[in-house]
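J.: Mind looking over this structure? Questions follow.
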């Protein structure tokens with residue numbers, strides 16, 4: 001009866017919050033469903049494109065098209081290098097190009113459709129009719145397109161959850177729901193593929209005809225469901241209404257490079273590069289050792305696919321109870337155990353399935369953990385830098401590409417050592433695996449490598465300390481900063497003020513009250529589970545409250561006062577003072593004492609400010625050798641307004657089917673204005689780079705002045721709630 005009652009309550013909850021989010025959350029159930037169901041389509045396209053991307057283990061490129069492993073490795077290295085500028089372009093577009101739909105939603109269709117078209121062209125190309133060298137050229141060209149469009153599309157969907165809600169637990173819950181639904185896509189694909197292969201290619205899963213039958217269906221379903229995500233979601237970022245972001249590539253790169261959590265997670269991925277070695281084992285045992293029939297293998301892939309459901313279901317509860325760090329470490333330790341067990345049990349595909357099933361269960365937690373952690377890291381970045389940087393994380397991650405370039409040579413070398421190379425005496429180089437002793441020796445090596453990779457992967461997670469409590473404090477601090485910025489600019493709404501002032505008032509009351517009893521004491525007193533749960537929540541709120549109160553007093557700290565004095569000095573010298581910055585400022589900053597933690601913090605800030613001043617001077621000398629010329633902001637605004645009016649005028653003329661000459665005249669003027677805007681944007685970039693030390697100082701002083709008006713804001717809030 002309890003289950004029935006809980007089910008009815010859940011149905012009622014869904015109905016109540018279908019169009020509006022529940023208290024403390026940001027996503028109504030309608031939006032959650034659209035994002036999650038649309039994930040099936042997105043991951044259908046991911047599955048299709050990922051199977052075609054260049055890698056050292058790509059079975060379609062290697063087995064089907066017949067590209068040699070070492071040639072694939074060389075092509076892979078080239079693709080990694082060529083992807084660097086593409087990554088920079090993607091990062092700049094996400095962080096600086098403005099669309100009314102938001103940061104990520106615009107790219108779901110703009111990048112998803114080209115990804116589908118390139119994938120279809122890839123599998124329908126008649127490779128047998130072209131020479132080997134031209135096969136390599138075609139594959140490289142297709143991969144060049146996929147590197148841009150697929151990676152952009154993948155980032156757009158996966159990172160969309162980062163901006164759909166600032167609530168970490170809500171993001172985790174939605175990611176779990178999304179993961180359960182999208183996981184059906186590769187499960188269905190893996191189930192259907194051997195059945196199609198049995199019908200059209202005598203069971204050969206590496207025959208291109210299999211993908212020619214499968215991919216058109218995936219394309220139609222995938223694009224249709226991605227449209228649902230685009231149409232039914234809305235991005236939400238905690239930013240001041242007047243905050244306008246235009247961040248240079250190098251500045252964003254510098255800021256992300258300071259994010260320790262980014263490096264911890266990245267390092268874990270780089271060290272665990274060997275962990276995926278076992279992904280091909282079940283397929284090889286079926287295809288080369290014939291340890292089961294096509295129908296049985298379809299059943300095996302279906303069963304293994306269901307393993308991922310466990311992590312998706314359990315991850316939100318596990319994270320809520322133990323936190324992301326503990327769940328990360330625990331699941332990775334289980335991974336090592338189950339991978340190692342494959343070695344003594346690989347004589348039967350069914351025992352291998354059992355090991356790989358539980359390995360997949362442990363591995364499935366990362367499907368929820370990774371998006372949740374990535375979102376938290378971006379919140380932290382926003383808190384540290386004052387800017388919402390998203391795309392640049394991918395650009396900094398390019399470093400991982402160079403690491404992967406080095407580590408990716410391991411697998412081709414292992415394959416070659418066990419006979420997989422051109423000229424090994426077989427029509428297809430992989431046919432050597434039909435020799436069972438060779439197959440089992442190679443499988444054994446792959447198992448050992450995977451277990452080592454899993455062990456290396458877990459080490460960095462021990463240094464991750466961005467707890468759920470810290471993340472909640474970060475979001476509340478961002479909300480406070482947004483309130484002060486909007487208040488200073490005269491655009492703060494009563495609704496925004498009310499919500500933020502209430503959380504500040506609650507924090508002040510909590511910090512003025514005694515600290516809640518700690519859990520160890522309560523456990524010693526044999527408190528009930530309900531009492532322990534409430535105490536845990538109270539302790540968390542108490543810690544967050546102190547973070548909020550400290551934020552209100554941030555400009556009274558010695559470090560802030562020191563920086564404030566420097567900033568006021570920069571403002572006193574004016575923009576022209578940038579030309580007078582010398583190396584002496586940096587030398588003086590480096591000479592500051594650093595015997596205590598506080599002194600080191602002061603010195604670090606002083607050095608950063610001095611370096612910024614020197615960078616600004618360098619840019620000013622480059623772009624304004626005769627003195628910095630103020631940027632004509634009003635003129636630029638007038639150009640933007642004229643461009644908008646011309647665009648609307650052109651649209652109305654086309655709709656009214658006006659004369660060609662009239663349309664041509666408007667179009668020509670519109671193009672001219674766009675050229676002038678582009679030139680002005682370049683000029684503004686130069687001006688911003690040259691005056692950054694001044695603008696950052698002004699921003700900091702203004703923020704301090706806004707915080708000093710808290711009493712004034714509190715009076716306004718009191719008068720508002722009395723009305």
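J.: Would you confirm whether any residue within the range 654-670 is outside any loop (DSSP other than H, G, I, E, B), free of Cβ contacts under 8 Å to residues at least 60 places away in the same chain and under 25 Å from residue 488 (Cα atoms)?
T.: So far as the range 654-670 goes, no, none of its residues is outside any loop (DSSP other than H, G, I, E, B), free of Cβ contacts under 8 Å to residues at least 60 places away in the same chain and under 25 Å from residue 488 (Cα atoms).
J.: For the range 121-134, name all the residues that are surrounded by fewer than 21 Cβ atoms within 10 Å (Cβ to Cβ) and assigned to a helix (DSSP H, G or I).
T.: Hits for the range 121-134 are 121, 124, 127, 128, 129, 132, 133, 134.
J.: How many residues are closer than 17 Å to residue 48 by Cα and outside any helix (DSSP H, G or I) when one looks only at the range 174-202?
T.: So the count comes out to 1.
J.: Select from the range 155-170 the residues that are closer than 16 Å to residue 41 by Cβ and surrounded by fewer than 20 Cβ atoms within 10 Å (Cβ to Cβ) and list them in ascending order.
T.: Correct list: 158 only.
J.: Across the range 627-642, which residue is farthest from residue 571 (Cα to Cα) among those that are surrounded by fewer than 15 Cβ atoms within 10 Å (Cβ to Cβ) and in contact with a helix residue (DSSP H, G or I) (Cβ under 9 Å, 6 or more places away or on another chain)?
T.: 640
J.: Restrict the check to the range 271-287 and report whether at least one residue is touching a residue at least 24 places away in the same chain (Cβ under 8 Å), over 30 Å from residue 431 (Cα atoms), part of a helix (DSSP H, G or I) and within 19 Å of the chain's Cα centre (by Cα).
T.: Looking for residues that are touching a residue at least 24 places away in the same chain (Cβ under 8 Å), over 30 Å from residue 431 (Cα atoms), part of a helix (DSSP H, G or I) and within 19 Å of the chain's Cα centre (by Cα), one finds none in the range 271-287, hence no.
Residues are listed down the side, and each one gets a yes or a no for (1) at pLDDT 75 or above; (2) part of a helix (DSSP H, G or I):
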site: 7; (1), (2): no, yes
site: 11; (1), (2): no, yes
site: 27; (1), (2): yes, no
site: 37; (1), (2): yes, yes
site: 49; (1), (2): yes, yes
site: 52; (1), (2): yes, no
site: 74; (1), (2): yes, yes
site: 88; (1), (2): no, yes
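J.: Going by what's in this entry, would residue 188 be described as modelled with pLDDT under 85 and either surrounded by fewer than 20 Cβ atoms within 10 Å (Cβ to Cβ) or out of contact with any strand residue (DSSP E or B) (no Cβ under 8 Å at 6 or more places or on another chain) (or both)?
T.: It is true that residue 188 is modelled with pLDDT under 85 and either surrounded by fewer than 20 Cβ atoms within 10 Å (Cβ to Cβ) or out of contact with any strand residue (DSSP E or B) (no Cβ under 8 Å at 6 or more places or on another chain) (or both).
J.: Please determine whether any residue of the range 500-516 is in contact (Cβ under 8 Å) with a residue 60 or more places away in the chain and either at negative phi or not in a helix (DSSP H, G or I) (or both).
T.: Of all residues in the range 500-516, those in contact (Cβ under 8 Å) with a residue 60 or more places away in the chain come to 501.
Filter once more, so that each one left must be either at negative phi or not in a helix (DSSP H, G or I) (or both): 501.
Yes, there is a match, as at least one residue in the range 500-516 is in contact (Cβ under 8 Å) with a residue 60 or more places away in the chain and either at negative phi or not in a helix (DSSP H, G or I) (or both).
J.: Just a yes or no: is a residue in the range 290-306 touching a residue at least 40 places away in the same chain (Cβ under 8 Å) and either touching a strand residue (DSSP E or B) at 6+ places or on another chain (Cβ under 9 Å) or in a loop (DSSP other than H, G, I, E, B) (or both)?
T.: Yes: the range 290-306 contains one or more residues that are touching a residue at least 40 places away in the same chain (Cβ under 8 Å) and either touching a strand residue (DSSP E or B) at 6+ places or on another chain (Cβ under 9 Å) or in a loop (DSSP other than H, G, I, E, B) (or both).
J.: Need the failing condition index for residue 674 against (1) buried (at least 17 other Cβ atoms within 10 Å of the Cβ); (2) over 31 Å from the mean Cα position of the chain (by Cα), just the number.
T.: (1)
J.: How many residues does the range 194-208 hold that are crowded, with 17+ Cβ neighbours inside 10 Å and either farther than 21 Å from residue 430 by Cα or under 30 Å from the mean Cα position of the chain (by Cα) (or both)?
T.: Selection size over the range 194-208: 1.
J.: Exactly one condition in (1) part of a helix (DSSP H, G or I); (2) farther than 27 Å from residue 632 by Cβ; (3) without any contact (Cβ under 8 Å) to a residue 40 or more places away in the chain is false for residue 704; which is it?
T.: (3)
J.: Also, quick follow-up: Quick one: count up the residues across the range 411-428 that are part of a helix (DSSP H, G or I) and either surrounded by fewer than 15 Cβ atoms within 10 Å (Cβ to Cβ) or more than 38 Å from the chain's Cα centre (by Cα) (or both). It would help to see each step written out before you state the result.
T.: From the range 411-428, those part of a helix (DSSP H, G or I) are 411-417; that's our starting set.
If we keep only those that are either surrounded by fewer than 15 Cβ atoms within 10 Å (Cβ to Cβ) or more than 38 Å from the chain's Cα centre (by Cα) (or both) too, we end up with 413, 417.
Of the residues in that region, 2 qualify.
J.: Listed residues 482, 535, 451; which is closer than 30 Å to residue 270 by Cα and assigned to a helix (DSSP H, G or I)? Write out each step before concluding.
T.: On the way: 482 fails: closer than 30 Å to residue 270 by Cα; 535 fails: closer than 30 Å to residue 270 by Cα.
Answer to the selection: 451.
J.: Further, regarding this structure: Residues in the range 218-231: is at least one at pLDDT 75 or above and over 30 Å from residue 193 (Cα atoms)?
T.: yes
J.: How many of the residues making up the range 590-626 are touching a helix residue (DSSP H, G or I) at 6+ places or on another chain (Cβ under 7 Å), outside any helix (DSSP H, G or I) and over 22 Å from residue 559 (Cβ atoms)?
T.: Counting residues in the range 590-626 that are touching a helix residue (DSSP H, G or I) at 6+ places or on another chain (Cβ under 7 Å), outside any helix (DSSP H, G or I) and over 22 Å from residue 559 (Cβ atoms) gives 1.
J.: Hey, among 45, 67, 118, 84, which residue is modelled with pLDDT of 85 or more and either under 19 Å from the mean Cα position of the chain (by Cα) or not in a helix (DSSP H, G or I) (or both)?
T.: 45
J.: So in the range 438-458, with the set limited to residues that are under 17 Å from residue 418 (Cα atoms), surrounded by fewer than 19 Cβ atoms within 10 Å (Cβ to Cβ) and touching a residue at least 24 places away in the same chain (Cβ under 8 Å), which one is nearest to the chain's Cα centre (by Cα)?
T.: 448
J.: Within the range 484-532, track down each residue that is closer than 15 Å to residue 721 by Cα and loosely packed, with under 14 Cβ neighbours inside 10 Å.
T.: 493, 494, 495, 498, 499, 502, 505
J.: Counting only residues that are in a loop (DSSP other than H, G, I, E, B) and in contact with a helix residue (DSSP H, G or I) (Cβ under 6 Å, 6 or more places away or on another chain), how many does the range 518-530 have? Even if it seems obvious, please write down each step before you answer.
T.: Taking the range 518-530 first, the residues in a loop (DSSP other than H, G, I, E, B) are 518, 525-528.
The next check asks that each one be in contact with a helix residue (DSSP H, G or I) (Cβ under 6 Å, 6 or more places away or on another chain); those that pass are none.
Matching residues across the range 518-530 total 0.
The values are calculated or read from the model by the stated rules, or taken from the named source; none is laboratory data. Given the structure is predicted, the values throughout are model-derived calculations rather than measurements. Because the Cβ atoms are built from the backbone with ideal geometry, glycine has one as well, and the counts that use them run over all protein chains shown.
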